[in-house]
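Below is one structure, written out as structure tokens; comments come after it.
The values are calculated or read from the model by the stated rules, or taken from the named source; none is laboratory data. Just so we're clear, the structure is a prediction, and the values are computed from it rather than from any experiment. For neighbour counting, all protein chains shown are included, and Cβ atoms are generated from backbone atoms with ideal geometry for every residue, glycine included.
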Amino acid sequence: MQVESFRVFRDLVEGHSFSRAATLNGITQSAVSQQLRCLEQRLRVPLLERTSKKFILTREGQLLYETSREIITHFEHFRHQLEEMRNIISGTIRLIAVPSLGLHELPPYIKDFLRTYPRVKIQVDYRRSNEVYESVLAGEADVGFVAFPSPRKGLKVETFKKDTLHIICAPGHPLLKLGPVDLSKLAQTKIISLAPEMPTRQGLDRILATRGLKFQPMMEFDNVETLKQAVEINAGIAFLPHSAIAAEVASGALVVLPHQGPEIIRPLGIVSRASRVVSPAVKRFLKALKTPRKTSAPLSSEPLLAPSSP
């Protein structure tokens with residue numbers, strides 16, 4: 001039996017899916033089924049219950065799964081140690097992120113990392129927050145990125161950076177003439193927001209609630225880019241992260257509305273699988289993420305303020 005057979009069986013059991021195991025190992029579903037049959041023939045025991053519609057392991061299948069995990073862990077540890085000894089940093093790093101982080105936070109880190117390790121390839125996929133956790137847990141991605149991270153069983157979730165949520169509006173908005181605005185006064189203006197199920201919206205609502213505030217948005221969107229466009233056409237004001245609006249503020253398409261009180265902070269999290277041995281490339285990428293970078297200058301709306309009427 002080859003190591004690949006144990007890997008396929010492990011992925012099949014953990015994903016409860018022949019198609020997912022096939023995708024993870026770059027083979028067809030029929031090849032997964034064939035490897036399963038070969039294992040059963042070689043061991044002379046059934047590994048899956050064939051009489052149930054559910055994915056149920058036999059006692060022998062459970063034992064093989066536990067053994068497969070140990071074999072793959074030891075083999076990957078050996079392979080990674082060998083690469084370290086030979087000072088080889090290569091391979092592919094699979095990242096998965098919510099769009100606002102993948103589009104605006106990750107590029108500088110990726111650019112710096114690839115400049116140092118040009119033999120590494122980095123793939124980035126964009127998913128909703130709950131899908132990021134699921135993909136990392138299933139082994140479909142090496143590292144995930146979410147806003148307002150929360151602990152999950154089987155995953156290592158860490159905060160690696162904190163972003164600021166700014167109030168943004170279109171140039172010429174009347175509130176810009178009033179100076180730093182009292183957040184409690186915003187209930188009297190049009191507010192648009194991310195959808196209630198999105199972690200950034202949920203985190204913002206919790207922060208505002210601690211300050212005794214609760215807003216009812218007039219419109220809600222399921223992504224940051226569409227929300228920005230709505231603010232640009234003066235459909236309302238919105239709370240959006242620093243990294244996502246820097247370009248629009250610099251170009252004058254959006255303006256930061258100063259507000260009274262402390263900043264509203266959005267923690268950004270790294271998600272990785274707690275039980276997996278990571279490659280030297282992934283190990284170094286995680287280290288790079290945790291290394292402080294030079295932060296960009298604070299956003300300022302002053303150059304974009306509309307002149308007061310005479």
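Numbers below:
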{"item": "Unmet criterion (only one of (1) surrounded by 17 or more Cβ atoms within 10 Å (Cβ to Cβ); (2) not assigned by TED's automatic domain parsing to the domain that holds residue 131) for residue 214", "result": "(1)"}
{"item": "Close pairs from region 198-223: first touching a residue at least 40 places away in the same chain (Cβ under 8 Å) and of a type outside the set (Lys, Arg), partner outside any helix (DSSP H, G or I) and crowded, with 17+ Cβ neighbours inside 10 Å, Cβ under 6 Å, at least 6 apart", "result": "199/147; 199/148; 200/147; 200/194; 203/148; 204/239; 207/264"}
{"item": "Test: residue in region 118-141 that is at pLDDT below 95, more than 20 Å from the chain's Cα centre (by Cα) and in a loop (DSSP other than H, G, I, E, B)", "result": "yes"}
{"item": "Selected residue [in contact with a Pro (Cβ under 6 Å, 6 or more places away or on another chain) and either modelled with pLDDT of 85 or more or surrounded by 13 or more Cβ atoms within 10 Å (Cβ to Cβ) (or both)] from 89, 96", "result": "89"}
{"item": "Residue check for residue 14: in contact with a Pro (Cβ under 7 Å, 6 or more places away or on another chain) and part of a helix (DSSP H, G or I)", "result": "no"}
{"item": "Hits in region 135-178 (condition: buried (at least 17 other Cβ atoms within 10 Å of the Cβ) and of a type in the set (Asp, Glu))", "result": "140, 142, 163"}
{"item": "Cβ pairs under 9 Å, 6+ apart, first in region 165-189 and on the phi < 0 side of the Ramachandran plot and charged (D, E, K, R), second part of a helix (DSSP H, G or I) and crowded, with 18+ Cβ neighbours inside 10 Å", "result": "185/175"}
